[in-house]
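Heads up, the thing below is written out as structure tokens.
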Amino acid sequence: MPRKPSQLTVSADTVAGVCLLRALGRLDSSTYLELRDSVIKAAMDEPQAVMIDVDRLDVPAPSAWSVFTSARWHVSTWPDIPILLVCAHPEVAEKISRIGVTRYVPVHADVESALASLVDARHPRRRVRIELPRRLSSLRGARDFVTEWLTNWSQDRLVPTAKVIVDVLVENVLRHTESTPVILLETAGSTVTIAVQDADGSPAMRHEAAAGGADRTSGLAVVGALCRAWGSSPTPSGKTVWAVLGPQNRL
């Protein structure tokens, strides 16, 4: 059967370093995940913030507004990008507030007031990126990349842990996808985030071998044991698997 056209369209623009999404159409159970993933994907590009203009959304069930709370939850650990709503209609903004969305995602009457609210007092972020060839020697290249930059950023105490994690994430790309691995490395304050992108949209999941016994542990289980938090997030071209390290994760 031919696929039914979506009842929702989302367009994107950039305003003062902020990603502005304009959602048009019906938000219900058939389009909920589509809108949520659009917001998550926009946040993964790490703009200053993601704003969503909801004035042209038709939302028959008020509970569907929780889509923005869900999107915020998915990016709250990393990349921790603020998500804001723009709604010019006070009665609609009141509905959004009434179901608790504004505890996590503020609503503003216009783009200007939303931009004015973005006074970022957090630690500045430093980021670097590298794309590696699809070959086994990239494992060493990934470890060297992490070592060089964490040393430059005076985060050298996290180098041993970071090398183990980047090794697992890059090896998973080489083993389970046809992609070239792209490494994103970021530091903010005392934390370090290692993220590896690929062009395979299947989410990363832990897989334990049923016949492997206690001596066989999945790579992602190792990642989970060594970091503060990890996750798999969709991107427009595939996914990003990330891990956040703090001082408590030193080896």
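The values are calculated or read from the model by the stated rules, or taken from the named source; none is laboratory data. None of these values were measured; they are calculated from a predicted model. Counting neighbours? That spans all protein chains shown, and the Cβs are built from the backbone with ideal geometry, glycine included. Only protein heavy atoms, including side chains, enter the accessible area calculation; ligands, DNA and RNA are left aside. Shrake-Rupley method; radii C 1.70, N 1.55, O 1.52, S 1.80 Å.
Of the residues that make up segment 77-91, is at least one in contact with a Gly (Cβ under 9 Å, 6 or more places away or on another chain) and more than 30 Å from THR9 (Cβ to Cβ)?
Let us first name the residues in segment 77-91 that are in contact with a Gly (Cβ under 9 Å, 6 or more places away or on another chain), namely 77-78.
Of the ones still in play, those that are also more than 30 Å from THR9 (Cβ to Cβ) are none.
No, the conditions are met nowhere in segment 77-91.
The set of residues in segment 154-166 that are in contact (Cβ under 8 Å) with a residue 40 or more places away in the chain and either at positive phi or open to solvent by less than 100 Å² (accessible area, probe 1.4 Å) (or both) comprises LEU158, PRO160, THR161, ALA162, VAL164, ILE165. For segment 94-142, filtered to residues that are among the small types (Gly, Ala, Ser) and out of contact with any Leu (no Cβ under 8 Å at 6 or more places or on another chain), the residue that is surrounded by the most Cβ atoms within 10 Å (Cβ to Cβ) is SER97. Where strands (runs of 3 or more DSSP E) fall wholly inside segment 1-91, the ranges with 3 or more residues that are surrounded by 16 or more Cβ atoms within 10 Å (Cβ to Cβ) and of a type outside the set (S, T, N, Q) are 18-26, 50-58, 83-86.
Do we find that ARG127 is in a strand (DSSP E or B) and among the basic types (Lys, Arg) in this structure? Considered against the rule, which asks whether it is in a strand (DSSP E or B) and among the basic types (Lys, Arg), ARG127 comes out as yes.
Pairs meeting the criteria (first residue in segment 141-153 and touching a residue at least 40 places away in the same chain (Cβ under 8 Å) and under 20 Å from GLU171 (Cα atoms), second residue open to solvent by 70 Å² or more (accessible area, probe 1.4 Å) and charged (D, E, K, R), beta carbons under 7 Å, at least 6 apart or on different chains) are VAL146/LYS163.
Within segment 10-25, residues that are polar (S, T, N, Q) sit with their Cβ atoms under 9 Å from residues that are open to solvent by 60 Å² or more (accessible area, probe 1.4 Å), at 6+ positions apart or across chains, in these pairs: SER11/ARG22; SER11/LEU24. Can you find a residue in segment 161-183 that is under 18 Å from the mean Cα position of the chain (by Cα) and not β-branched (Val, Ile, Thr)? Yes: segment 161-183 contains one or more residues that are under 18 Å from the mean Cα position of the chain (by Cα) and not β-branched (Val, Ile, Thr). Within segment 46-67, the only residue that satisfies the criterion of being among the charged types (D, E, K, R) and in contact (Cβ under 8 Å) with a residue 60 or more places away in the chain is GLU46. Scanning segment 44-64 for residues that are farther than 29 Å from SER237 by Cβ and of a type outside the set (A, V, I, L, M) gives ASP55, ASP58, PRO60, PRO62, SER63.
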